[in-house]
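The values are calculated or read from the model by the stated rules, or taken from the named source; none is laboratory data. Since the model is a prediction, treat every value here as computed from it, not as a measurement. All Cβ positions, glycine included, derive from the backbone under ideal geometry; neighbour counts span all protein chains shown. For the accessible areas, the whole protein counts, side chains as well, though only heavy atoms, and no ligand, DNA or RNA atoms are used. Shrake-Rupley method; radii C 1.70, N 1.55, O 1.52, S 1.80 Å.
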Amino acid sequence: MGESSYDSEVGERRRDAQGTRLLLLKAASDLFAERGYERATVRDIAARAGVNQALLFRYFGSKKALLGEVMARGGQEQLQATSAEKLFEVALRGMLVSGGASTDRSLEVCLRSIGGSDEIAEAFRGLGKEYAEVLATLSQAENGGLRADLALSWLLGIGLMRVVVAKEPLASADPDMVCELVLGVLGSLLEGLPGGQGESSGEGARTGPA
């Protein structure tokens with residue numbers, strides 16, 4: 001038996017709804033990253049997406065909920081698609097080359113909005129915890145969690161100076177050069193990175209079996 005006209009209409013509506021949600025998520029991600037959470041209005045997000053702002057509230061409920069989904073979606077996609085060894089570099093390049101079609105902008109959203117609201121702090125605590133947990137697996141030292149937090153802090157500091165402060169020469173530095181310099185040093189902190197110094201790096205490293 002073929003699909004009824006009712007079923008076809010319902011399916012079409014679902015596809016349209018999903019498409020609208022994706023448009024709103026992309027528009028919100030871009031505007032939050034460009035202006036920060038507080039300055040990106042619901043009206044502007046809807047306009048960027050090319051839809052009525054009433055649909056934003058229909059699909060997400062609030063601007064805060066939209067922020068949460070932007071952060072979770074971008075961060076989770078990057079965490080799931082990226083190996084631990086590549087996570088720092090991928091996140092760093094995402095901030096050095098912002099606005100690319102496949103770029104996760106969740107960390108950039110945090111940087112643009114830092115100090116602006118409790119919502120940003122709440123959203124970033126969860127995302128930052130997940131990034132740090134993955135980075136911690138790259139160190140066998142007893143203080144691996146601290147090392148991961150330091151690496152994440154360095155990542156965000158670089159992004160802050162380049163994206164928000166626009167401090168030269170970092171602001172216009174070649175992304176490949178920045179990554180080469182940063183990753184070359186980071187291996188002494190997270191020895192599991194390619195080119196890292198191995199288990200012997202740092203006091204307090206655990207001794208593995210021979």
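A compact table of results
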| quantity | calculated |
| --- | --- |
| Surface share of carbon and sulfur [accessible, 1.4 angstrom probe, percent] for the stretch 20-113 | 48 |
| Between the stretch 132-176 and the stretch 68-95, the alpha-carbon center distance in angstrom | 13 |
| Simple label model, 7 Å out from Cα along Cβ direction - GLU180 to VAL165, nm | 2.4 |
| Solvent-accessible area per residue for the stretch 140-184 (1.4 angstrom probe, square angstrom) | 54 |
| Under the Karplus curve 6.51 cos²θ - 1.76 cosθ + 1.60, θ = phi - 60°, whole-Hz ³J(HN,Hα) for the stretch 30-46, x wherever Gly or Pro sits | 5, 6, 4, 6, 7, 10, x, 4, 5, 7, 8, 7, 4, 4, 5, 4, 4 |
| Whichever lysines have a C-alpha closer than 17 Å to that of LYS26, once near sequence neighbours (fewer than 8 apart) are set aside | LYS63, LYS64 |
